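K.L.:
Before anything else, here's the structure in question.
The values are calculated or read from the model by the stated rules, or taken from the named source; none is laboratory data. All values reported here derive from a predicted model rather than from experimental measurement. Here Cβ is always computed from backbone atoms with ideal geometry, including for glycine, and neighbour counts include all displayed protein chains. Just the protein is used for accessible areas: all its heavy atoms, side chains included, with ligands, DNA and RNA removed. Shrake-Rupley method; radii C 1.70, N 1.55, O 1.52, S 1.80 Å.
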Amino acid sequence: MASQLYATNSLGGYLSAPELSQKLRVVAQPLKRFRAFTSPLGAGGAHRNANVFFDKIGNVAAAGGTLIETNTIAETTASIKQGTATITEYGNAIAYSGKLISLSQLSPEDAIAIALRNDAAKTLDLAAGTQFTSAEQVAVQSASGNVVFTTNGTATATATVNLSGTNIRIIVDNMRKRNIPFVDGSNYVCITAVGGYSGFFSDTATGGFVDVSKYTDLLAQNLFRGEIGKYYMTRIVEETNMLSNTVGSGAALSQAVVFGDDAVKEVVAVPEELREKIPTDYGRSQGLAWYALLGFQRIWSQATDSQENIVFVTSA
């Protein structure tokens with residue numbers, strides 16, 4: 001029997017206008033953690049220079065000691081070294097047409113701005129994280145619960161087990177012996193990929209792990225974004241933007257970074273911002289971009305300063 005049908009456009013489907021949801025959906029974004037742990041260099045800025053220098057004071061050449069009343073005090077020197085942070089341009093853009101603006105039910109500019117802001121956050125976090133993972137102090141966990149350290153930025157062993165509480169204790173003890181300062185006065189920070197802390201949770205010998213919900217000595221506003229817990233003078237933060245979950249010879253092995261204070265600095269001439277393109281072709285060609293003029297730099301070098309405030313946990 002003949003009838004008007006919604007399923008057929010010519011028999012009724014055209015009578016129903018499609019409804020467009022007024023909510024913009026955004027693709028899931030990675031967890032970005034590294035940039036939060038950089039600190040301003042205190043120099044640089046617009047109309048200065050692309051290179052910002054900072055001085056590092058070493059120990060005295062000869063240590064002091066006891067004095068004899070009739071002798072003069074011996075004199076010595078302290079080495080001064082200089083590091084450089086380089087300001088670099090970062091950015092990305094999306095072009096769109098005037099026709100799209102005129103005919104769209106929702107604002108294309110809003111959607112483009114969201115996409116560009118997400119891209120800026122991921123890009124700059126990756127730039128900061130690259131400085132953390134360039135550390136010359138490298139650690140690889142082994143099946144025996146030991147940690148193999150190298151000081152030239154290259155791992156010489158292959159991880160065969162997940163990161164464990166035993167590994168964290170060895171890494172932290174190594175950092176304490178090298179007098180690396182704590183980030184908050186009493187703790188280091190470990191930023192780890194998902195596979196890293198997954199293995200840490202499953203370590204039955206860990207024992208001392210404290211879930212972030214059970215903290216009693218930290219107010220909520222003092223928690224780091226992404227912090228999941230504490231263990232052995234180490235606050236643990238998860239990220240998914242740059243660290244790998246596929247290092248080593250196991251399915252869940254992953255990278256991590258453990259660091260103290262004064263690890264990576266950020267110098268800014270122009271902070272990230274959205275910029276609108278001047279329309280061309282009589283307004284038919286438009287665009288939106290994000291732009292930043294800044295840089296990140298690891299402060300200490302094992303090779304030149306005999307000090308490294310970061311340990312990169314990875315595998316050959």
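K.L.:
Please state which of the following conditions residue 160 fails to meet, knowing it meets all the rest: (1) closer than 15 Å to residue 258 by Cα; (2) touching a residue at least 40 places away in the same chain (Cβ under 8 Å); (3) surrounded by fewer than 19 Cβ atoms within 10 Å (Cβ to Cβ).
P.N.:
The failed condition is (1).
K.L.:
Show the residue pairs that are 6+ apart or on different chains and have beta-carbon atoms under 6 Å apart, the first residue being within the stretch 101-125 and in contact (Cβ under 8 Å) with a residue 40 or more places away in the chain, the second being buried (at least 16 other Cβ atoms within 10 Å of the Cβ) and assigned to a helix (DSSP H, G or I).
P.N.:
Correct list of pairs: 124/35; 125/34; 125/35.
K.L.:
Among the candidates 211, 261, single out the residue that is open to solvent by 20 Å² or more (accessible area, probe 1.4 Å), at pLDDT 90 or above and among the acidic types (Asp, Glu). Even if it seems obvious, please write down each step before you answer.
P.N.:
Values: 211 fails: at pLDDT 90 or above.
Testing whether each residue is open to solvent by 20 Å² or more (accessible area, probe 1.4 Å), at pLDDT 90 or above and among the acidic types (Asp, Glu) leaves just 261.
K.L.:
Which members of the stretch 57-104 meet the condition of being hydrophobic (A, V, I, L, M, F, W, C), open to solvent by less than 80 Å² (accessible area, probe 1.4 Å) and part of a loop (DSSP other than H, G, I, E, B)?
P.N.:
Residues satisfying the conditions are 62, 87.
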